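Single-structure report; data block below.
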Amino acid sequence: QGCLAPVKVIIPKGSLLAPSDTAAVVGGNVLTSQRLVDVVFKAFQACAASQGCMNNITFGDEVVGYYETVAGGAGAGPRWHGRSGVHSHMTNTRITDPEILERRYPVVLKQFALRAGSGGDGEWHGGDGVVREMLFRRPVTLSVLTERRAFQPYGLKGGEAGACGRNLLKRSDGRVVNIGAKASIDIQQGDCFELRTPGGGGFGAAGQLETDNGEPAAKRPCRAQSHFTARGSVEQYRLLQESA
């Protein structure tokens, strides 16, 4: 409340953030906003970059249409590790439960897991991205709108950068195609799409952590959270059964 009162924002006309009426733009809410946060944080040396993206994935045909955003790694900062498998800066939408996705749409969710090791190393390490793989049961059109596929989320103060994301199409004949950051492509029955989201950058040179009183502290052995809170429709069904 009032924290921006002394701040003057100067945005030149015709720039990326103030385009003309005829400029070709897209994804301001879901992509440009993410990269803008990275720029501001780096300018103030506040923390490392998060995944810098919301991984917009859509597919459909003349009958169905589906859209989701997918989590990634958060950047580390002074005295904190980045979180793994989360949205950051812009949104925190819940993704569709696997059983609902497979029942309503022509896909099989083959894998949805943390992408181990994708967060940047450092005194405080970046969070890991995720791997999400879907098998298509009939022809559809797949579109992706993503960032951080060429340039890694930066680390800060000696921390390492997070891993770039990748969008891989695995054809039913065994071919694997990197479709790039932004694409729209026809999918055939039996094809798989594997999404690997970026990790967050690390903060500080890798070394020994210190506690608040300056004593050495053991470094956390694993980037991923040690546990996750059960949630979703399956968990809600279980709670209803137990309360009956």
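The values are calculated or read from the model by the stated rules, or taken from the named source; none is laboratory data. Quick caveat, the model's predicted, so the values are computed rather than measured. As a convention, Cβ positions derive from the backbone with ideal geometry for all residues, glycine included, and neighbour counts pool all protein chains shown. What goes into the accessible areas is simple: the full protein's heavy atoms, side chains included, and nothing from ligands, DNA or RNA. Shrake-Rupley method; radii C 1.70, N 1.55, O 1.52, S 1.80 Å.
Worth pointing out:
- Looking at the chain, the accessible area is 56 square angstrom per residue; that uses a 1.4 Å probe and ignores ligands, DNA and RNA.
- Among Arg171, Arg148, the order of accessible area from largest down is Arg171, Arg148, computed with a 1.4 Å probe on protein heavy atoms.
- Within the stretch 10-169, the ratio Rg/Rh, alpha carbon atoms throughout and Rh by Kirkwood, equals 1.01.
- Accessible area of Tyr67 (1.4 Å probe, protein heavy atoms only, ligands and nucleic acids ignored): about 120 Å².
- Residue-by-residue Karplus 3J(HN,Hα) for the stretch 187-193, coefficients 6.51, -1.76, 1.60, Hz, glycine and proline x: 9, 9, 4, x, 6, 10, 10
- Computed about its Cα centre, the charge dipole of the chain is approximately 260 debye, with only Lys, Arg, Asp and Glu carrying charge at their Cβ.
- Rounded Å value of the spacing that divides the Cα centres of the stretch 1-36 and the stretch 85-154: 26
- Positive-pole candidate from Gly174, Gln188, Gly126, dipole of the stretch 120-194, charges at beta carbon: Gln188
- Rounded percent of accessible protein surface that carbon and sulfur make up, the stretch 141-201, 1.4 Å probe: 46
- Accessible-area composition of the stretch 1-46, carbon plus sulfur, in percent [1.4 Å probe]: 65
- For peptides 120-131, 72-83, sequence by mean Cβ density within 10 Å, most packed first: 120-131, 72-83
- Dividing the summed -39500 (n - 2.57) terms of all DSSP H runs of n ≥ 4 by the residue count of the chain sets its mean residue ellipticity at 222 nm at -3500 deg cm²/dmol.
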